[in-house]
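Please treat every number below as a calculation from the coordinates, not as lab data. None of these values were measured; they are calculated from a predicted model. Neighbour counts run over all protein chains shown; Cβ positions are idealised from the backbone, glycine included.
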Amino acid sequence: MTGVALVTGASGFVGSHLVEELLDRGWRVRALLRATSSRQWLPLERVETVPGDIMDAGALRVAVADVTAVFHLAAITSAVRSGEYVRVNVGGTRAVCDAIAARNPDAALIHCSSLAAGGPVTGGRPVTEADDPHPITPYGASKLAAERVVGAAGLRSVIVRPPAVYGPRDTDVLAAFRLATRGFALHVGPAGQRLSMVHVRDLARGMADAAAHGLGRGVYYVSGAAHSWEEIVGALAHAAGRRVRSIPVPIGAASLAAHVGRLAARVTGRKPLLTPDRVRDLAQRDWTCDDGRARRELSYAPRIALADGMRDTLAWYRREGWV
C-alpha cells in the first residue's frame, strides 16, 4: 500500500523516523505541523506541510483531504496535569477521526497507541491483544480511551501498541545514556524486572506494515525482544565501552523527586522528565508484550537487536554532541 500519507506528530522522535520509512517505501508524505514544531529531522524538500495542529478542526480538514492514509502519532506522554492527557490524546484523536469522516471517509487510519493502554503483565506471561486492558496511569487510560474513539469512528483503521521505544533523536532516554557514559545506571524498578523494547526504526517499519496488511484487524503489539534489566544495562555498558554499575533507587525517593519535578515544570512550563505516574510505571515488575500476531499477520519482523540499537543510538548522540 502506498499513496499520500498524512503524518501527525511528524516532527517528533517516532514521527520523523516514520516519515523517512514512508518515503523509502514510495509514499508521498504530508505533515501537519504547528508553528512551533521543529523541522530539523524532516526532509522538507520531500514533504508537503500543512500548518496547524490536531486541535484545529479547520487545519485537519485541509490536511486529510485526498490522502490515502492518516498515521496519527501526535500525543503527549508526559504532562503536569492529568487532564492534559485527555484533552490531547483523546480529544485530539476524536478530532482526527471527525476530520477523516467529514472530508475523506475512505482514508485509512493507522493509530499509534502504547503498551501503557494494555497495562503491565499480571498473568505471568507477556500481554497479548486478547488480554483485557488495564492501564495503571492517566496516560495509559488516555491512550486506551483514544483507541476506543478510533474503534467507534467506523473508519478503515488499525491500532499499533509499541512498548518502550528508543533510538536516535529520543530525548526521554538521553539521561540514561549520559549516565552510562559515566559508569552509572539508576534503577527504580524491582529486582527481576523485564521490559519489552523496540528500536524506533523497527517501529516505523511496523507501522508501515500495519497500513499494508492490518486495516480492519484491530490492535497489534509491535515490539522487539523482552529483556531483563541486567541485559539492558549490559547493552548500555557495551555501547559506552565501559563498565556500568546499576544503582537501585528507592520508590519513595523517586516519587519525591517526581513531585518536585512536577512542581518545577508548572513554574517553568517545561515537560517534566519524571512524573509520579512515570514512577508508578517504572515500579512494575514486568512490562512485556507478545508481538506474535504482528509477525504472523503483518509480516512484521524487528531487525535491530538491543546491543546494536544501543550502540547505534549512543553513536548518534555523540555525533550530535548530546553526550
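Things to note:
- Relative packing of 165-177, 213-225, which averages over residues the other C-beta atoms within 10 Å, highest first: 213-225, 165-177
- Cα-centred dipole magnitude for the stretch 1-69, charges only on beta-carbon of K, R (+1) and D, E (-1), debye, nearest 20: 60
- Across the stretch 96-223, the convex hull enclosing all Cα atoms gives 130 Å³ per residue.
- DSSP bridge analysis restricted to the chain gives an antiparallel fraction near 10%, rounded to the nearest 5.
- Assigned charges on the beta-carbon of Lys, Arg, Asp, Glu; the stretch 92-247 dipole about Cα centre (debye): 460
- Correct choice for semi-axes √(5λ) of the Cα gyration tensor in Å that was computed from the model, options (i) 31, 21, 21; (ii) 28, 22, 18; (iii) 35, 24, 17: (i)
- For the stretch 28-186, the residue among 154, 57, 164 whose Cα projects farthest onto the positive side of the dipole built from Cβ charges is 164.
- Highest-first arrangement of 252-258, 41-47, where packing means the average Cβ count within 10 Å: 252-258, 41-47
- Cα gyration tensor category, rounded, prolate or oblate, for the stretch 173-323 with a/c compared to 1.5: prolate
- Proxy reagent accessibility, fewest Cβ within 10 Å first, across 54, 136: 136, 54
- The value for the stretch 89-157 of Rg(Cα) / (2.2 N^0.38 Å) is 1.22.
- Charge-dipole axis of the chain as Lys and Arg at +1 and Asp and Glu at -1 on Cβ define it, positive-most pick from 219, 29, 68: 29
- For residue 307 and residue 247, the FRET efficiency from 1/(1 + (r/R0)^6), where r spans their Cβ atoms and R0 equals 22 Å, is about 0.50.
- Computed on the Cα atoms alone, the convex hull of the stretch 33-127 gives a volume of 153 cubic angstrom per residue.
- Dipole magnitude (debye, nearest 20) for the chain, charges at Cβ of Lys, Arg, Asp, Glu: 740
- Ordering of 6-13, 150-157 by packing is 6-13, 150-157, highest average first (other Cβ atoms within 10 Å, averaged per residue).
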